[in-house]
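Every number in this text was worked out from the coordinates using simple rules, so none of it is lab data. Fair warning: this is a prediction, and the values are worked out from it, not measured in the lab. Here Cβ is always computed from backbone atoms with ideal geometry, including for glycine, and neighbour counts include all displayed protein chains.
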Amino acid sequence: MTAPFQAAAIIVFAVAALYAFWRARFGYPARNIPGVLTYHKVVDFEFGGTWISPRRFERQIRAMIDSGYRFIDERTFLETIEGKRPAGEKEILLTFDDGYDCIAENAAPVLDRLSVPSLVFLVSGFAGEENSWELGLPGRKARHMDWDTVRKLASGNVSFGSHCESHRPLTGMNREKALGEMVRSKEEIELRTGTEVLSLSYPFGRVDPETASLASQAGYRAAFTLYPGGAASETDIYRLRREGVWVIDTPATIKVKLSRSGLFWLEDIKGRMINAVADLTPILKKK
Ligand SMILES: [Zn+2]
């Protein structure tokens, strides 16, 4: 065999092995439920991978609309996954984790102009305060929305879910403590907005079977992770899949994420790798 041919054969074999591993471990998720996108910060610059600039954010949202995607609100999404309405073609739910002020400042005005509903997950114990649970890289201190801002957005096209009280990972926490995080944050957001909180987003996307059963016990109708492990083709209402949108994403990669076929698997591996880095935070913060 010649050298270029050998190299090509090795690459083909490696890609096939990677695909086989991914297919066995994760697999394509269900196609009959709407895709869910997750953003974190919409800011001009930050160290890290969980942000996007306001200009690129607007371009991505417009690109999705121009490509025939339709953004649905939280209630419509829940009715769909509960089987109360059929899933429409190309429907998406837009979510933001952490409830940073930059979302109110830079994302909400764009979404208002385009009439796009969204679901924002708040860390109830940090309203109006600077984020101290994330790794303190330079220029990374972000402020969470205060309750006045939350109320203002809640009167418009934004619904609010809970991202717990302290943003500590629930897995590994004792039962009562984890349940307390879920119950108190739900109650506080309901008290402040006057609206029922229906959805939960697990801090760092971390969930195990016990945590998922606590989310149901705490009274949530649904709970979201980012990249669930295991039988992804089945819809578990307390381990809902979302597609993270990261600093390196473009409208083209977002469409691949939502496709759930073809090259989706490569995007899935990319997302899982980026999320694994973000997931190091609770480990590094402990030191
Ligand atoms: Zn978070």
Cα gyration tensor category, rounded, prolate or oblate, for the stretch 29-284 with a/c compared to 1.5:
rounded
When a/c is below 1.5 the answer is rounded, else prolate if a/b is larger than b/c, else oblate, so apply that to the stretch 8-122 with a ≥ b ≥ c taken from the square roots of the Cα gyration tensor eigenvalues.
oblate
If R0 = 22 Å, then Ala3 and Arg23, at their Cβ-Cβ distance, give a FRET efficiency to the nearest 0.05 of 0.15
From fewest to most C-beta neighbours within 10 Å, the residues Lys255, Lys84 line up as Lys84, Lys255
Which ordering of Leu280, Leu198 is given by a fewest-first count of other beta-carbon atoms within 10 Å?
Leu280, Leu198
Quick calc, Ile65 & Leu280: beta-carbon distance into FRET formula, R0 45 Å, rounding 0.05, result 0.80
Value of [θ]222 nm, deg cm²/dmol, for the chain, DSSP H segments ≥ 4, -39500 (n - 2.57) each, nearest 500
-12500 deg cm²/dmol
Of all DSSP beta bridges with both partners in the stretch 29-284, the antiparallel percent, nearest 5, is 5 percent
Cα centroid distance between the stretch 1-23 and the stretch 103-166, in Å?
44 Å
Most exposed first, judged by fewest Cβ atoms within 10 angstrom, Leu37, Leu78 run Leu78, Leu37
Does the stretch 111-224 classify as rounded, prolate or oblate by the C-alpha gyration tensor (a ≥ b ≥ c root eigenvalues; a/c under 1.5 gives rounded; else a/b over b/c gives prolate, otherwise oblate)?
oblate
Cα-based Lys proximity count in the chain, under 13 Å, for pairs eight or more positions apart or on separate chains
4
